[in-house]
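What follows is a single structure, written as structure tokens, with notes after it.
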Amino acid sequence: IIKTIFFFSIIVMCRFCNSKYFCSTLISEIMRQNWMFKLVGQENFTIGKNKFSISIYSASGFTYEYSLEVNGKSYQKFCENQSKILQSWTFIVDNKDYRLTLEKNTMDLWLNGERLDIEPKFIENGTETKFDINGTECKLITVSSGHRRSGLVHALIVHDKEIPAAMNFDQISLKEQIDQLEQIELNNQDDTSQEVYMKLFIFYILDDDTMKAKFLWKRVPSALKDPNTELSKLWPIVHNFILRNYPLAFQLANQLTNFSNDELRNIFSYFTERMREKIFNLVQMAYSSIRIKDLANLLQVSEEKIVKISLQSEWTVDENKIHVKPKKLSSSEIQPINNQQQLTKLTKIVSSIET
């Protein structure tokens, strides 16, 4: 007797980058409905005071599409609203992770989910809020940016070093993040933290700016180039992406699993996935057919995962699962490149070869 059970399950992985609550990765099943014969529709659930709704649509074949709403708004809009009222920083004191979150509308500070009962003091051009963590002096400085659109600028100083704000890729453009980190490096110079350099390397590669990545390595202080540092383990990955040796870059990336904090781990995970997505899209444009084994080696993933991703992308997989045929892009899906963009890309390529 073969018994088939259809069920619907919602599993939540919480890692709120801009939440005032400090949480590590939490994976929890919050809803399960057995004997689900209707696989499309809407499922509602709550997390805390927030109301969530997942809409399930039938796509081509046996595939489905999903959309998430939070408090009646799309997930993207929810993230945008959160970024306007919250700003977070992650840092380490005495080998312990801390997250400080500022509620911009009330100027309340939350440290690892606990509200700090402190008042800011007025200083020249702004305010300063001081507190300490196990004897380590911390202060949040708020000053005017001088621009109406930008409003106030907030900077966290821990042990006389500025801490970069926690970043959410859905909320801040890559260019803005690079500008912020470059300004921190300029201000701190030789005292710039390893974390700032690691983020810059990753963002430069994501931004296709290999020249800046090369010159950044040349100006990194020698102390941070010690073979045992996280930065030294990241550099071979970045260097191989610059050289377009993708199999080795992804192989090294798979081996790099230990990070000093969750934010770096999240950024690195995002980085590797975006790079795999980028190479996958390049294969789609350049190949009419490719062996599954070759594509798996290129991206350093299992052949089973290549088959799964190919089917999700509506590629054709042969019966023996040896070759895949990428789905041809329509003319509307191919973004035209103007002459200025072509000249810029050519200049970067030539400059990269010469250095």
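The values are calculated or read from the model by the stated rules, or taken from the named source; none is laboratory data. Quantities reported herein were computed from a predicted structural model and do not represent experimental measurements. Neighbour counts are summed over all protein chains in view; Cβ atoms, including those assigned to glycine, are modelled from backbone coordinates with ideal geometry. The protein model used for the area step is the full one, side chains on, heavy atoms only, and it has no ligands, DNA or RNA in it. Shrake-Rupley method; radii C 1.70, N 1.55, O 1.52, S 1.80 Å.
Restricting the stretch 39-106 to chymotrypsin sites (Phe, Trp or Tyr not before Pro) that sit in a DSSP loop and have at most 10 other Cβ atoms within 10 Å of their own Cβ leaves F62. Sparsely packed loop sites in the stretch 161-260 (the trypsin sites (Lys or Arg not before Pro) outside DSSP H, G, I, E and B with at most 12 other Cβ atoms within 10 Å) comprise R244.
How many Å² of accessible area per residue for the stretch 171-277, probe 1.4 Å?
Solvent-accessible surface per residue comes out at 47 Å².
Take every pair of alpha-carbon atoms less than 8 Å apart whose residues are at least six positions apart; their mean separation over the length of the stretch 83-163 yields a relative contact order of 18 percent.
Here's the list of aspartates and glutamates a cross-link from K130 could span, going by alpha-carbon distance under 17 Å and ignoring same-chain residues fewer than 8 apart: E103, D108, E114, D117, E119, D160, E162. Restriction of the GluC sites (Glu not before Pro) in the stretch 90-130 to DSSP coil positions whose beta-carbon has at most 15 other beta-carbons within 10 angstrom yields E124.
Beyond 22 Å, how much of the Cα-Cα pair distribution for the stretch 83-163 remains, as a whole percent? Tail of the P(r) past 22 Å holds 20 percent of the pairs.
Exceeding 32 Å between C-alpha atoms, which entries from my cross-link table qualify? They are K175/K225; K225/K278; K49/K199; K73/K104; K73/K175.
From K175/K225; K225/K278; K49/K199; K73/K104; K73/K175, over 32 Å: K49/K199.
As a fraction of the 1.4 Å probe accessible area of the stretch 99-162, surface on carbon and sulfur atoms comes out at 45 percent. With the whole protein complex present, K308 retains an accessible surface near 130 Å², based on a 1.4 Å probe.
Distances longer than 21 Å among the Cα atoms of the stretch 171-277: what percent of all pairs is that?
Here the long-distance tail beyond 21 Å is 29 percent of all Cα pairs in the stretch 171-277.
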